[in-house]
Amino acid sequence: MTVANCVDGVERRGSVYYLRWRVPAEFKAVEPRTEINQSLRTRDEAEARGVALLKKKALQKVWKARLLQEDQGPSLEAFEAAVALLDDLELPYVPVDGLLAGKIEKLVSRIEKLAGIPADLPMIPAALGVLDVPHVKILEMPAVIEDRCKHKLKGMHADQKRQWRNRYKHAARIFADVVSNKYVHEITEDDAQRYCNHWQARVNSGSISDDQAIKRLRYLRQMVAEFHSLAGTLPSQLVNPVVGFKIEPRPKKDRSSNQGGKASLPVAWVRDLVSGTLTEGIEVDERVDIAIVLAETGGRQTEIVHAPPEDIILDHEIPHMLIRYVEDGEFCRHIKNVSSIRAIPLLGRALEIMRRYPDGFSRYRAKGTFSGEINKFMRDNNLFPAPPEGLNGYTFGGTRHTWEERGRAAGMDNEERAFMLGHSVGKVRGRPVYGDGPKLKLRALLAELVAFPTESWRPRPQKEIWRVIKAVLDAEGFRVE
């Protein structure tokens, strides 16, 4: 059969299709063959063309990686391309230690499949499990881990993706600053110790919390683990030098009792914000409206600011916002955890504001600017109260802590506050949680316990609300006496 019968590199010989492709001149320095001639192992023309295209791309990746990385050790691209070529042999990549530890029959079968394959092809060392580990520097790992963890980013909006990326970028950058921009497979326990010591010193100085430092250590450990995963390291051979290092928390006497990291703002300050007294005479905008909704609902900033239009339910008997995962579409978003899935009742000033924003807060949705802007607004207008002794200053996130204090003062128990704020009730109880928790009607009554009055609406007295809660539970069959 002549080359003229070969269309786009696909040639039929009898009933089977083959890849017949002349090696591009640009790769002759790294590919001794002049022509690639391989069976595509199919009798279907459409399938053959698809397989041929994939084979071409895989070979080009190998060749390009060889050209670019000849003097820098094996690149990640070359490693992945060589492993991809094993698909032709229907073999997984297994490091040589794993092959030698397995059954001899499987090793012999693997070797037999290599018959007739040129010895200089990267498929040979890949099949025998003797590929050198890819040379990936720590500053390259954030991009690698993002590419390999695309499933984790599914459903995140733009700002959530940015925050997810930045945790690894920051950890890699600090490691490069403290140690060096090393190849990941060359990172030692001494390096990990220096990195850990850096964050421990930050904790000891009080510049960051021990929780923040623990996360920085975890992100480095995850990047090293992901590298070994892509390199095919066997569990028995895996040594992650970051494992075992821990951040020691500061002594309790040196720490605030507020482990959340934000001081609660005074209740009177929140009351004045909600009523408008605090900002009287100051030009306000969407920032202040969001701030009031946050203060009155106790919701997390990300939950309220990024709420999609379909999760703002205003035509219901009990207006509310749904806090849930949205995996697809224009308004996709992740939430903190399963415990955060809930309905947040809207009443009083929060309801008035959401009626003016029935589609949510487009100015800040899927962006990471609200927190900085509301804090800047408060500071520029000298609206934050003077901080107590020992505290550098307030941030607006403290209103969520204030909401819990308001709930406690109104008589809500720890579990009720956890349900309302989207905390893990399992952690509160110290055991698994059964049941669905408060229904929307009960949530609205609990919210009314702490809501501030407006010009057109006043919450009922707390004693009356507790009587109603008792009546609702009694009507549902619970014993409340």
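The table below gives the values:
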{"read-out": "Checklist (1) without any contact (Cβ under 8 Å) to a residue 60 or more places away in the chain; (2) closer than 19 Å to Thr233 by Cβ applied to Val94, failing item", "value": "(1)"}
{"read-out": "Neighbours by Cβ (under 6 Å, 6+ apart or cross-chain): first from region 128-155, closer than 14 Å to His185 by Cα; second among the hydroxyl-bearing types (Ser, Thr, Tyr) and not in a helix (DSSP H, G or I)", "value": "His135/Tyr183; Lys137/Tyr183"}
{"read-out": "Of the criteria (1) farther than 24 Å from Thr369 by Cβ; (2) surrounded by fewer than 18 Cβ atoms within 10 Å (Cβ to Cβ), which one Val224 fails", "value": "(2)"}
{"read-out": "Filtered residues of region 363-381 (kept if at pLDDT 90 or above, in a loop (DSSP other than H, G, I, E, B) and either of a type in the set (A, V, I, L, M) or over 19 Å from Gln163 (Cα atoms) (or both))", "value": "Asn381"}
{"read-out": "Scope region 420-454; condition modelled with pLDDT of 90 or more and either hydrophobic (A, V, I, L, M, F, W, C) or not assigned by TED's automatic domain parsing to the domain that holds Ile341 (or both); matching residues", "value": "Met420, Leu421, Leu440, Leu442, Ala444, Leu445, Leu446, Ala447, Leu449, Val450, Ala451, Phe452"}
{"read-out": "Residue check for Tyr219: under 27 Å from Ala78 (Cα atoms) and in contact with a His (Cβ under 7 Å, 6 or more places away or on another chain)", "value": "no"}
{"read-out": "In region 337-360, the residues that are under 25 Å from Tyr394 (Cβ atoms), crowded, with 21+ Cβ neighbours inside 10 Å and within 23 Å of the chain's Cα centre (by Cα)", "value": "none"}
{"read-out": "Top-ranked residue of region 382-403 - restricted to ones that are part of a helix (DSSP H, G or I) and in contact with a Gly (Cβ under 7 Å, 6 or more places away or on another chain), ranked as farthest from Gly298 (Cα to Cα)", "value": "His401"}
{"read-out": "All positions within region 282-327 that are of a type in the set (S, T, N, Q) and buried (at least 21 other Cβ atoms within 10 Å of the Cβ)", "value": "Thr297, Thr302"}
{"read-out": "Members of region 155-185 that are surrounded by fewer than 16 Cβ atoms within 10 Å (Cβ to Cβ), over 22 Å from Arg363 (Cα atoms) and not charged (D, E, K, R)", "value": "Asn166, His170, Ala176, Val178, Ser180, Asn181"}
{"read-out": "Region 1-50 - residue that is in contact (Cβ under 8 Å) with a residue 24 or more places away in the chain and of a type in the set (Gly, Ala, Ser) and, of those, surrounded by the fewest Cβ atoms within 10 Å (Cβ to Cβ)", "value": "Ser15"}
{"read-out": "Residues of region 175-184 classified as part of a helix (DSSP H, G or I) and out of contact with any helix residue (DSSP H, G or I) (no Cβ under 7 Å at 6 or more places or on another chain), total", "value": "1"}
{"read-out": "Residues (surrounded by fewer than 20 Cβ atoms within 10 Å (Cβ to Cβ) and either in contact with a Ser or Thr (Cβ under 7 Å, 6 or more places away or on another chain) or small (Gly, Ala, Ser) (or both)) located in region 265-281", "value": "Val267, Ala268, Ser275, Gly276, Gly281"}
{"read-out": "Selection from region 366-391 of residues that are in contact with a helix residue (DSSP H, G or I) (Cβ under 7 Å, 6 or more places away or on another chain) and surrounded by fewer than 20 Cβ atoms within 10 Å (Cβ to Cβ)", "value": "Ala366, Lys367, Gly368, Ser371, Glu373, Phe377, Phe384, Pro385"}
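Condition check ((1) assigned by TED's automatic domain parsing to the domain that holds Gly329; (2) polar (S, T, N, Q); (3) touching a strand residue (DSSP E or B) at 6+ places or on another chain (Cβ under 9 Å); (4) within 29 Å of Gln301 (Cβ to Cβ)) across all residues:
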| site | (1), (2), (3), (4) |
| --- | --- |
| His157 | no, no, yes, yes |
| Gln160 | no, yes, yes, yes |
| Arg167 | no, no, no, yes |
| His170 | no, no, no, yes |
| Asp191 | no, no, no, no |
| Gln200 | no, yes, no, no |
| Gly206 | no, no, no, yes |
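The values are calculated or read from the model by the stated rules, or taken from the named source; none is laboratory data. The shown structure was predicted, so the numbers you read here are calculated from the model rather than taken from an experiment. Heads up, the Cβs are rebuilt from the backbone with ideal geometry, glycines too, and the neighbour counts pull from every protein chain shown.
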